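Read the structure below first, then the notes.
None of the figures in this text is laboratory data; all of them are computed from the coordinates on show. Predicted, not measured: the structure shown is a model, and the values here were computed from it. Don't worry about glycine lacking a Cβ; one is built from the backbone with ideal geometry, like all the others, and counts go over all protein chains shown.
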């Protein structure tokens, strides 16, 4: 029998990867067979640990263990590519939270069904997000996409300049960068 090879991933540096690592070690993944990274899963770009795992980390008879399918891939196509690669190399996939084990016929069926549902959910989320952005942009002036509100008071800069203050003194008085003062003074 082969080794248990673990893969843990979170999408951003602010997320906690420790619960995944704990779950993988609880089922027997040894630390030397644990690959982990903090990177988006929407593509394989920049996922160096996943690439290392797929190219050097798994061998015939091993089992790749992840906590959830979305930790491995976010698109059905990518998930299927990974699954085909694993199958060709005679490596099984075990997904802990979704009780998938591709060494069984039932596990392979469930794996494919969950992958399709996951991609469907991602596409729905993208469509809803796009609808919300389009609706906000259609509002025009009330749109949240109009940029950050100005934090520099142009009238106050002008007033202080007319009082004879230098750009450096104005910046110090208002607690802003000198470059911001110059930017406002250079306006027509």
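With just the Cα atoms defining each centre, how far is region 84-108 from region 1-79? Give it in Å.
With region 84-108 and region 1-79 each reduced to a Cα centre, they are spaced 14 Å.
Work out how much length residue 99 to residue 40 would gain on full extension: take 0.36 nm times their residue separation and subtract the Cα-Cα distance, in nm to one decimal.
Taking residue 99 through residue 40 to full extension adds about 18.9 nm, to one decimal.
If r is the Cβ-Cβ distance from residue 1 to residue 151 and R0 is 45 Å, what FRET efficiency results, to the nearest 0.05?
That pair, residue 1 with residue 151, gives E of 0.10.
By per-residue mean of other Cβ atoms within 10 Å, what is the highest-first order of 63-70, 150-157, 76-83?
Put in order of decreasing packing, that is 63-70, 76-83, 150-157.
Can you give me the relative contact order of the chain as a percent, contacts being Cα pairs under 8 Å and 6 or more apart?
Contact order relative to length: 15 percent.
With the cut-off at 1.5 for a/c, could you classify region 4-121 from its C-alpha gyration tensor as rounded, prolate or oblate?
Cα axes put region 4-121 in the rounded bin.
So how far apart, in nm, are the two label points at residue 158 and residue 136 if each is 7 Å from Cα heading toward Cβ?
With each label placed 7 Å out from Cα toward Cβ, I get 3.1 nm.
Suppose we keep just the DSSP beta bridges with both residues in the chain; what percent of those would be antiparallel, to 5?
15
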